[in-house]
Each structure stands twice: as structure tokens, then as C-alpha cells.
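Beneath this line is the structure, given in C-alpha cells, with notes to follow.
The values are calculated or read from the model by the stated rules, or taken from the named source; none is laboratory data. Quantities reported herein were computed from a predicted structural model and do not represent experimental measurements. Positions of Cβ are generated from backbone atoms using ideal geometry, with glycine treated the same way; all protein chains shown enter the neighbour counts. For accessibility, only protein heavy atoms count, side chains too; no ligands or nucleic acids. Shrake-Rupley method; radii C 1.70, N 1.55, O 1.52, S 1.80 Å.
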Amino acid sequence: MKLIWMPIALMGLLTCGGNRAEESVEPTATTLIENIDPFADYWYAGKAEISSYDLRQMRYGEARNGDAVLVFVTEPFSQSKQVKLDNPSAAGEDNVSVLKLNQLRKFNTGIYDYSVMTSVFHPVQVDQFPRPLKLTNSIQEWCGQTFLQLNLDGSKYRTHGFSYFESEGDVEGKVTAAMTEDALFTHLRLHRGQLPEEELELIPSLFYTRMKHTNNLRAHKARITKEASESTATYIVEYYHFPRTVKIEVEQSFPYAILGWQEEEGNGSEKMVTRAQLRKRINEPYWQQNSNEYGSMRVGLGLSQ
């Protein structure tokens, strides 16, 4: 498959954020196209793709019913500061267009609830930036909060972790900038629904890492294989040295939507399986829809108001 890079002017792009929710910006980005590609028309239309999923989350050895949401949206991003730009037109070459993923999970464990969010900031210019510039994960539950952030710094990710657990504490470190499990979702969207079918070094999901209460964040050897049908593909990610398998189902036509995923931990009768299955997908400028009149849109996504 021949890949061609061409500049595309982004006019009147509406972005998410604070008091600038109604402010348009006019950055210029470079995006991947091949012949006639709908990428720009879809991802630079001033809307986000919002998908809700029926979630069956394993926690404390039991299955919990909940909701998962994937929010994909392009944003102007600072390569140096690794934050969303307030004034993209003044940023010059520091302005990098990213496909941002916010993955949210909400579920209850008995009387108390969990709220989890993982964010991935993956540059659209995948030839120049094959890895995300930044990843974050936060978990809020009744015991307290944890936060983990990875910032790309050359061949390493700088890590910053904060936790209410004494054994985890507030820590900083570095890890080799391998492919990350969390970025497999954005990789699929930016590479025409494809993942490399090979053995590789892979950093496990930040949510999984936090649930294991470990500071030993590093890449592990894994293998990716593929099972395909006429319209969809399921990628199977198997770690070699600990019992974790991740399966991601993706459409094989544009926009290469994520149809669901599954996470398996353990072996035999001890295996625990988390599943998320697509419920509804919409495209909306959600950052403008923050008044009470838009609350009913959550019902369409199968979410509580």
C-alpha cells in the first residue's frame, strides 16, 4: 500500500477547551492520504467521534456492569510543552496535529464506584511521530485517586506517578519508548485499521498497571496476530511472560471504528474476562453542547443523565 503525505489547510476547526469552546482556529497540518482519502473530511470537520460501549469489567474477582466511552478528536498540540495549544496559529512548527483518544470507564464495586480515564495524544504525522507524545491515566474511587503520565522524550518516556498508596508514593522515572497497549486504538485509526502482525515490545495499558499496584512500568514481549472476516478484523495481543491477552475488533473500512475489545487475565478456571461491546456511535462537537438542553443526548448513547 503506497502512502502519500500532503498538506491540508484546516479552516474554521472548532476545538475543545475552556472558554475557547466556540473559538475557531486555522492551523495547517499534514495528514496521511492515499488517492482520495476521507480522513480530513471526517477528522477535521469540527466534531468528535463519541462511541459508547456496554462494559463488563472484572474487578476483585467479579464481573461488574458499567459503561465505557471512547472519544476521538483531532487537536492542535504543542510538541515541546505536550499540551493542547491555546493559540495554534502562533505556534509555528511547534504545532502538531494529534488524534486524541479519551477512554472512560465507569463501574461500581459493591457500594462504591470507579471512574477511570486514559488519554492518548497520537500525532497524525505518523511517519515523523510513530509514538504518542503523551499518555495519561487517572482513577477515582472511594479509597482515593491515582494519576500516571508518560511524556515522550527522545527514545524514552518520562513517567510521573501519584498515588494515595504508601508503597506506590509519588515517583518519577523513565521507560523505553516502545509501542503502548493504550495507543493500539489510535494506531488502528491512523493506519487504516491495521496493526503490525509480529512480535514486539509493548508497554501494558496504564489502567492495567495501576490495577496491579505496581511502579514497574516497562515494555514486555508480546505477539500480535489477526483474525479477519469480510468487514471486520480482530487483533489478538498476547503477552509472553504474564497471563494477559487483549482482543480488539475494528471495522475494515473507513473510519475504521472500534467495535469492541476484550481483556483476558489469568489461566483456566482462574481466567477473568473484561468485555466492551459497541452500543452507539455519534459525531458531535460535544464541547459546545454543555447546557442542560443537551442532556437528552446521553440517553441516545445509553448513558445516565
Next item on the list: Pull up the range 194-227, narrow it to residues that are β-branched (V, I, T) and in contact with a helix residue (DSSP H, G or I) (Cβ under 9 Å, 6 or more places away or on another chain), then point me to the one that is nearest to Y157 (Cα to Cα).
Entry: I203
Checklist line | Within the range 22-49, considering residues that are at pLDDT 95 or above and open to solvent by less than 20 Å² (accessible area, probe 1.4 Å), the one nearest to L190 (Cα to Cα) | finding: W43
Item checked: Leading residue by the ranking (least open to solvent (accessible area, probe 1.4 Å)) among those in the range 227-246 that are in a strand (DSSP E or B) and more than 20 Å from A178 (Cβ to Cβ) -> A233
Notebook entry, point to check: Going by the conditions given, is D67 under 24 Å from R189 (Cα atoms), part of a loop (DSSP other than H, G, I, E, B), at pLDDT 65 or above and in contact with a Phe, Trp or Tyr (Cβ under 9 Å, 6 or more places away or on another chain)?
Noted result: no
Note to self: Quick check on the range 103-123. Is at least one of its residues open to solvent by 10 Å² or more (accessible area, probe 1.4 Å), in contact with a helix residue (DSSP H, G or I) (Cβ under 7 Å, 6 or more places away or on another chain), in contact (Cβ under 8 Å) with a residue 40 or more places away in the chain and farther than 23 Å from P285 by Cα?
What the structure shows: no
Next item on the list: Any residue in the range 247-271 that's more than 25 Å from R59 (Cα to Cα) and outside any loop (DSSP other than H, G, I, E, B): show its pairings with residues that are at pLDDT 95 or above and of a type in the set (A, V, I, L, M) at Cβ separation under 6 Å, as long as the two are six or more apart or on different chains.
Entry: V250/L188; V250/A233; V250/I258; E251/A257
Check: From the list N87, N95, which one is exposed (fewer than 14 other Cβ atoms within 10 Å of the Cβ) and farther than 21 Å from Q149 by Cβ?
Finding: N87
